[in-house]
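Structure first, then comments.
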Amino acid sequence: MSAFPSAEALEVIGNFRASHHYPLNIIQDGLRKRARTITSNVLIAQRMKRLSSVTAKLTRFKTMRLSMMQDIGGCRAVMPTVSEVRRLVTSYTKSNVKHKLHQHDDYILEPKASGYRGVHLIYRYYSDRKVTYNGLKIEVQIRSQLQHYWATAVETVGTFTRQALKASSGDSDWLRFFTLMGAAMAHLEDSQVVPGTPLDQADLQGELKHYAEKLDVVNSLNTYRATIQALQNEAGAHYFLVVLDAPNQNVNITGYRKEDFVSASKDYLEKEEDIRGSGKNAVLVSADSTAQLERAYPNYFLDTHKFVEVLKKAIGGHRFIQPELFQPELF
């Protein structure tokens, strides 16, 4: 498939993506309930995969088919610590979930070489009442706060510099910086080492500082901040169509009530067609409020200030701060 699908292909993708709405809502509701039995200090959000991401994956992997994608619909829980991530994962793996676990990837136990960490659970939806949706795959991501800061910072820098850093493609210095930062955060959380990074803490800190200074990371990220240019239909909104204009650092948000998903999905596809090739990005997400939206998707507001705080602490002293003394506040 080309980078710019035909009108017919767009309709197929749009319809297939929209079909994940119902099972995504069900699985997200289950995630919310489980997470809140562990802590009330949790951030839950869901999103439908962007058209640009779908087409990029279809282009990158020649044998990929739309039906093979496991993250068309995805929901996420951001837990305060790795310990609470583990408790939530255990609540899934040791209980009778009616949906079939298709795949379990633990990138905390085995971090990616990029520095990415988190746990992904892919479920095939099952219901004896709504059989139409049976078999559709929904991705559940479970992260700690630090892992969330890292992942959203990668997306923010990738968006602003127009590089596919999330897919481990782009400037080698930025890629190495994020690998090292992932390793530093793994140390803060007393977790498994990121492959290809120094085992000695002083060496890791020294190399991280080198790239942070070379890229002028702190100053660069502090200049990234998008302002909300327009906010429509916020009252009572459950879904939000977010359009980021990274070059001009502004965001337009349109809210939709829960019962207006069909309209939201249609507008989402139309907006993606309108902005393709423009440097803008659009995403349709679910959140309880615009405030929660900014916390769940800081990359869509070019907001990296929490990440910068962690970076400063990671490179600021002669040794890393002790994990138990590092308690960032997300909520």
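Any residue that is modelled with pLDDT under 95, touching a strand residue (DSSP E or B) at 6+ places or on another chain (Cβ under 6 Å), assigned to a helix (DSSP H, G or I) and small (Gly, Ala, Ser) - is there at least one of those in the range 301-323?
no
Any residue in the range 105-114 that is at pLDDT 95 or above and closer than 29 Å to PRO247 by Cα?
Yes, there is a match, as at least one residue in the range 105-114 is at pLDDT 95 or above and closer than 29 Å to PRO247 by Cα.
If ARG47 satisfies every condition in (1) at pLDDT 95 or above; (2) crowded, with 17+ Cβ neighbours inside 10 Å; (3) not in a loop (DSSP other than H, G, I, E, B) but one, which is the exception?
The number of the failed condition is (1).
Looking at the range 31-44 only, could you name the residues that are touching a helix residue (DSSP H, G or I) at 6+ places or on another chain (Cβ under 9 Å) and either modelled with pLDDT under 90 or of a type outside the set (D, E, K, R) (or both)? Full working, then the answer.
Taking the range 31-44 and keeping what is touching a helix residue (DSSP H, G or I) at 6+ places or on another chain (Cβ under 9 Å), we get 31, 34-35, 37-39, 41-44.
If the condition is that a residue be touching a helix residue (DSSP H, G or I) at 6+ places or on another chain (Cβ under 9 Å) and either modelled with pLDDT under 90 or of a type outside the set (D, E, K, R) (or both), then LEU31, ALA35, THR37, ILE38, THR39, ASN41, VAL42, LEU43, ILE44 are the ones that fit.
Out of LEU180, LEU221, LEU199, report the one residue that is under 19 Å from LYS112 (Cα atoms) and part of a helix (DSSP H, G or I). Let's see the steps before the verdict.
Numbers: LEU221 fails: under 19 Å from LYS112 (Cα atoms); LEU199 fails: part of a helix (DSSP H, G or I).
Of the residues listed, the single one that is under 19 Å from LYS112 (Cα atoms) and part of a helix (DSSP H, G or I) is LEU180.
Mind checking which pairs have a first residue in the range 9-32 that is assigned to a helix (DSSP H, G or I) and hydrophobic (A, V, I, L, M, F, W, C) and a second that is at pLDDT 90 or above and surrounded by fewer than 17 Cβ atoms within 10 Å (Cβ to Cβ), Cβ under 9 Å, 6 or more apart or different chains?
Listed pairs, sorted by first residue: ALA18/VAL262; ALA18/LYS266; ILE26/SER127.
Residues that are in contact with a Cys (Cβ under 8 Å, 6 or more places away or on another chain) and either closer than 20 Å to LYS306 by Cβ or surrounded by fewer than 22 Cβ atoms within 10 Å (Cβ to Cβ) (or both): does the range 110-125 have at least one?
No, that holds for no residue.
Just name the residue that is modelled with the highest pLDDT out of those in the range 50-86 that are touching a strand residue (DSSP E or B) at 6+ places or on another chain (Cβ under 8 Å) and among the basic types (Lys, Arg).
In this case the residue turns out to be ARG76.
The values are calculated or read from the model by the stated rules, or taken from the named source; none is laboratory data. No experiment lies behind these values; they were computed from the predicted model shown. Please note: Cβ atoms are built from the backbone with ideal geometry, for glycine as well, and neighbour counts cover all protein chains shown.
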